[in-house]
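The values are calculated or read from the model by the stated rules, or taken from the named source; none is laboratory data. None of these values were measured; they are calculated from a predicted model. Methodologically, a virtual Cβ is constructed for each residue, glycine included, from the backbone with ideal geometry; neighbour enumeration extends over all protein chains shown. In case anyone asks, the SASA skips ligands and DNA or RNA and just uses the protein heavy atoms, side chains included. Shrake-Rupley method; radii C 1.70, N 1.55, O 1.52, S 1.80 Å.
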Amino acid sequence: MGRLSNLFAILRSPSADSNASASPTEQQKHNNCTNRRVFGRGVGNMKCVLIFDHLNDLIYSKCDKRFAHHVKKLARIQGLIPETETKDDEEKFLGLSSNVIMQLFSPIVTSQRIMSCQFGNSYSSVQCQDGTSMVFDEYLGYLFAMISTEDVEIMKRNLSTCIVLVQHVCGPDVAMLKRIPLRAELLTRMIDVWVLLRDSEQSFLVEAVEQLSVNPEITMATMKALQEACDRLKGATDFNRIHAAVFVENKFLSLYSSRGAQDLTPADILFLTLLTEVYQPVLSKSKTAEAKPLPPEEEEDEFFSPMDSPNNSRRNSGKDTSRPLLLRSPKSKVSLNTPLSGSNLALLLGSPPGFNPHVVHVAPISEKVALVLVLETGSTNISVGLWEACHALNSLQSLQLQKDLSGVKATTEILDGGVKKILEGLKKIRSLGPDYERCHRQLTANWDFLRKKYVELIKSQDLECVLRVESCGIKFMELLCEIFRLVCLDQAAVTHSADPAKSVAKAVRARLADFIGFLKVKAMRNFTLGSRATLSINKYLEEFPGLVHFLYIDRTNHRVTTPSLDFSSEETMSLTKRKIWAMVDFSRAHLVDGHISLMWKDTTFNYAYFLWFEDSSGAPMRPKVFPTAHLKNMPQPGIFCGDFYQSLIGACFPKIAPGKVQCFELFCVHLGLATSSCVLEHTRRLAATIWEVTGVHGNPADLL
């Protein structure tokens, strides 16, 4: 630990984290939520993301200038880089290699591995006396670490999001980030854009889909255009399961799915929104321009990769590699004459979850309007089977290392089910080539051998058998990743579908040409939200004097209804918006403690948060016992890193089918002069009458 003595001062296990200090007062919690998020910074205040493989080798890194300077300083102290370095070299970050990072971080990474593998009690965070923190998480044996001065809980959410983005980009083959520079760069850009959207879009703040509501004529015209797009793609390609969607300024307008296509989950739609923004950089530029300027030392959110990092895609380009690749949020404009602004393979997780491969084409319809064509490829059986098998095998390896044999039998059954799905899928497509036949044969032989080892382990409970099983498991995981690359990463599918997608995009652009101007204005202020064309959300708010803002979220389909924030107003930018973001953080901090009804105030506003349940007829439902003890083991509130609300419904109503229970959230901001009784009366009326702006009828629920 000597090498890190200047960087880390305190090591804390998960149990120590919860008991390290006395619980703060409610006002302190609120102040923390407010102060830790400054507009334009917020979740963007991350210094470094590191990913280490099973051998503790660095396979991905993303760091800012300040962190890179700090690492170089430590490296000089340890003699890992030469002391003689010119000022010009300093600016270029010469000598900051993956090897340097690995040597500096090897003590804490090794310690984390030992605590996780042998004791099952890994560090959740490391906190330093200067306010710097380091948080950890794992995915399929890969160690993810984030270093920042942000609040630890915010960092944990950020790191969980990074893992989900890796799942979408790489599936189980995380080492792809080291082999394929373009995959690493895509991940970097997605992190950048997610940070931007999380700090500027209410839908990403609460992780729900904001639908752009338009009149029936535009809705029908858009759906007709998307249906024709899917039909034309089916006729021009070998793809039969196709989705076509239109996004307007990060808002979801419309979706058409061909027969047989898997339903897109709300989390998948959020991911597609994010990917669309990556390939529509003009949108990021407009959002960046609207944001309040940062302090001078942080005006640019720049990120650097080590010179030998896979992120540095120029290293084999034949160009000057004397300085590392500068990675920024994409800001260059895309010509609207370009048929497609981006095409790539992406994995949608779906429900039930799986590594479901899709070809995604993004076509600019206008400056703020994008058509997204999503073509399913691969085998659903194999995709879902790989998800189950990889996660089960990773769990088994952890149980073995911890000498915990109690859960081996149940986890082996899950692994067996996943392997059967893979074999069934390979059997259907192995006639396509010798590689499929070989993988089917190898998987069958390897699984027969490995299954016998697990049966022997379960029967004998012999700890010496664990090592033999462990060595077999590593090879088996490599085989699963090979099958994933063969079946799910068909780059030819992107190429073959590109020309038909271009033709379809042109046709959709022509069909929607008459509505583009209206959609652009609509995106900036989504004020008419219902089928009643004369009712605007501004007019609706007039019925609630003192109400400044609200977010109503139907957690059954994860759709959010909320007034658009006025980015032209200095008051909104400097006061209201910052407090709205802090309100959501504060509410979530209490939600995971089991509080589903909150009211609090500061010197300016009154705040209220409610979460409640209804049956299909709108009658309120109350759990007999609220599962407070289980909340810490659930995903964090949201849907991107796992559907917290479905988990909550299952825990609150274990004997009722999840589809029969509906969940809702309501956030309200009132002027500080509003009384508690006024706030309660408004929240009840909002819940009862929100159908007037959403167009969906519902019965009032007793929020308290």
Practice prompt. Have a look at LEU415, LEU399 and point out the one that is among the hydrophobic types (A, V, I, L, M, F, W, C), modelled with pLDDT of 90 or more, in a helix (DSSP H, G or I) and on the phi < 0 side of the Ramachandran plot.
Written response: LEU415
Practice prompt. Might you let me know whether segment 564-575 holds any residue that is modelled with pLDDT of 90 or more and open to solvent by less than 30 Å² (accessible area, probe 1.4 Å)?
Written response: no
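So, of the residues in segment 207-226 that are closer than 12 Å to ARG511 by Cα and of a type outside the set (Val, Ile, Thr), which turns out to be most open to solvent (accessible area, probe 1.4 Å)?
The residue in question is MET220.
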Worksheet item: Assuming ALA244 fulfils every condition listed in (1) in a loop (DSSP other than H, G, I, E, B); (2) at pLDDT 90 or above apart from one, which condition is it?
Response: (1)
Discussion item. If LEU399 satisfies all but one of (1) open to solvent by 20 Å² or more (accessible area, probe 1.4 Å); (2) under 14 Å from PHE355 (Cα atoms); (3) not polar (S, T, N, Q), what's the number of the condition it fails?
Written reply: (2)
Fill in: Cβ pairs under 9 Å, 6+ apart, first in segment 52-68 and in contact (Cβ under 8 Å) with a residue 12 or more places away in the chain and at positive phi, second open to solvent by less than 30 Å² (accessible area, probe 1.4 Å) and outside any helix (DSSP H, G or I)
ASN56/LEU143
Worksheet item: Does LYS459 satisfy the criteria of being exposed (fewer than 14 other Cβ atoms within 10 Å of the Cβ), of a type outside the set (Asp, Glu), out of contact with any Asp or Glu (no Cβ under 6 Å at 6 or more places or on another chain) and modelled with pLDDT of 80 or more?
Response: yes
Discussion item. Against the definition (surrounded by fewer than 19 Cβ atoms within 10 Å (Cβ to Cβ) and of a type outside the set (S, T, N, Q)), how does GLY235 come out, yes or no?
Written reply: yes
Worksheet entry | Boolean, LYS47 is outside any helix (DSSP H, G or I), basic (Lys, Arg), open to solvent by 10 Å² or more (accessible area, probe 1.4 Å) and at pLDDT 80 or above | yes
Fill in: Filter result for THR265 (within 26 Å of THR562 (Cβ to Cβ), open to solvent by 20 Å² or more (accessible area, probe 1.4 Å), modelled with pLDDT of 85 or more and of a type in the set (Val, Ile, Thr))
yes
Discussion item. So VAL625 passes all but one of these: (1) in contact (Cβ under 8 Å) with a residue 40 or more places away in the chain; (2) surrounded by fewer than 17 Cβ atoms within 10 Å (Cβ to Cβ); (3) of a type in the set (Val, Ile, Thr). Which condition number does it fail?
Written reply: (1)
Worksheet entry | Test result for MET223, under 27 Å from CYS481 (Cβ atoms), part of a helix (DSSP H, G or I) and not small (Gly, Ala, Ser) | no
Worksheet, complete the sentence: Screening PHE613, PHE586 for residues that are on the phi < 0 side of the Ramachandran plot, open to solvent by less than 20 Å² (accessible area, probe 1.4 Å), at pLDDT 90 or above and in contact with a helix residue (DSSP H, G or I) (Cβ under 6 Å, 6 or more places away or on another chain) leaves only PHE586
Worksheet item: Just checking, how many residues over segment 116-137 are under 16 Å from CYS48 (Cα atoms) and not polar (S, T, N, Q)?
Response: 7
Discussion item. Just checking, does segment 191-199 include any residue being open to solvent by 30 Å² or more (accessible area, probe 1.4 Å), part of a helix (DSSP H, G or I) and within 18 Å of GLU249 (Cβ to Cβ)?
Written reply: yes
Practice prompt. Please tell me if VAL362 is buried (at least 24 other Cβ atoms within 10 Å of the Cβ), of a type in the set (Val, Ile, Thr) and either at negative phi or not in a strand (DSSP E or B) (or both).
Written response: yes
